[in-house]
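Each reported figure results from applying straightforward, stated rules to the coordinates on display, with no laboratory input. Just so it is clear, the model here is predicted, and its values are computed rather than measured. When we count neighbours, we look across all protein chains shown, and the Cβ atoms used for this are built from the backbone with ideal geometry, even at glycine.
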């Protein structure tokens, strides 16, 4: 039977008997099937299920960094993969001693030496400023603020408070992961009724100090300074699942990011200033290890990985393809698109906002915040 000539009404009837995974697969059959799945999902109200199934880690990274509905987030994800990227410079702001930044919905929070500043992602108009804040993060469930080593969590509309001593934290939906001064990793689970916290890993464990954390569904992956990759599952069972065997990794202060189910990225020094890249697979696991020279930051965003370099270059990758090819989805240098001179062009951090059929990249140097708009031809 030639499905291309089959009546749309018959295909829609067949769709009623398919599960969500099969419907996602139908998107890639042809354009007419994609349009029919789009229509069927809209009528049945199942776009959230399809999008969360199709996007890495249930689309958490996309949903926190956008106001778009699930349908549009799915198609934005496909735009990245399809390539044909066009980069356009938008705005530059002066900063003072940049530390880090976070995007939540339509706001970007920038932490600098003096404290916190918050801006609207579309206009970069400042909406909030507070001195002395070491970090500030927000999800749909909770807001976290770190001041003088004390993390305060404000929970939901009831404004319930919970405080704990720590030196760093990560918010993922209703979970908060903190690292205290003794290098213990503590999980705080938050609900409308109560707050529970458990220590997942302590500083005296045999695996070395923590250098990076990643959350994939209900599992927590931790990268240690001795190269061990450890998983703590939903039952808090701790297991070593791999180990990086590279002389460049050990005692390397430039470990950039842990992107489990895809890759561990870290920087190595290059004597000649070149940007070499070497990707290898960890035995019997799904992870790859990528050594990059000249690297200054790495940011995972769903299925994507953005790399920033000391000379101002920015690259976007699909980690799944990095074993086959080192070719990026796109590459550009901020010195080529910014019309003013940058004293220090080293990229300190990259953040993403998912706009309507486009994306905003926020690129931070030591003293600038640069916004570029990414569209697709």
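Were the residues from residue 16 through residue 245 laid out at 0.36 nm apart, the gain over their Cα-Cα distance would be 77.5 nm.
The calculated FRET efficiency for residue 88 paired with residue 216, based on their beta-carbon distance and R0 = 35 Å, is about 0.60. Consider the candidate values (i) 21.3; (ii) 28.4; (iii) 36.8; state which one is mean projected area of the Cα convex hull in nm² computed from the structure displayed. Matching entry in (i) 21.3; (ii) 28.4; (iii) 36.8: (i).
For segment 247-377, the alpha carbon convex hull comes to 124 Å³ per residue, rounded to a whole number. Inter-label distance, residue 29 to residue 71: 2.0 nm, where each label sits 7 Å from its Cα along the C-beta direction. According to the square roots a ≥ b ≥ c of the eigenvalues of the Cα gyration tensor, what is the shape class of segment 3-80, taking rounded for a/c under 1.5, prolate for a/b larger than b/c otherwise, and oblate for the remainder? Note, shape of segment 3-80 comes out prolate. Adding -39500 (n - 2.57) for every DSSP H run of four residues or longer, then dividing by how many residues the chain holds, sets the calculated 222 nm ellipticity at -4500 deg cm²/dmol. With R₀ fixed at 45 Å, the C-beta to C-beta distance from residue 323 to residue 113 puts the FRET efficiency at about 0.70.
The angle between the Cα long axis of helix 70-82 and the longest principal axis of the Cα atoms of the chain comes to about 80 degrees, rounded to the nearest 10. Fully extending the segment from residue 154 to residue 274 would add 38.6 nm, taking 0.36 nm per residue of separation and subtracting the current Cα-Cα distance.
Every pair of different Cα atoms in segment 62-116 enters the Kirkwood calculation, which places the hydrodynamic radius at 13.7 Å. For the pair residue 281 and residue 375, a Förster radius of 25 Å applied to the C-beta separation gives a FRET efficiency near 0.15, rounded to the nearest 0.05.
Going by the alpha-carbon gyration tensor, a ≥ b ≥ c the square roots of its eigenvalues, is segment 297-363 rounded (a/c under 1.5) or, if a/c is not under 1.5, prolate (a/b greater than b/c) versus oblate? Since a/c reaches 1.5 but b/c is at least a/b, the shape of segment 297-363 is classed as oblate. In degrees between 0 and 90, to the nearest 10, how far off the longest principal axis of the chain does helix 31-44 point, with axes built from Cα atoms? Relative to the chain, helix 31-44 is tipped by roughly 80 degrees.
Multiplying the sequence separation of residue 335 and residue 97 by 0.36 nm and subtracting their Cα-Cα distance, what value in nm do you get? The partial results should precede the final answer.
Details: separation 238, 0.36 × 238 = 85.68 nm, distance 1.91 nm.
Between residue 335 and residue 97, full extension yields 83.8 nm more.
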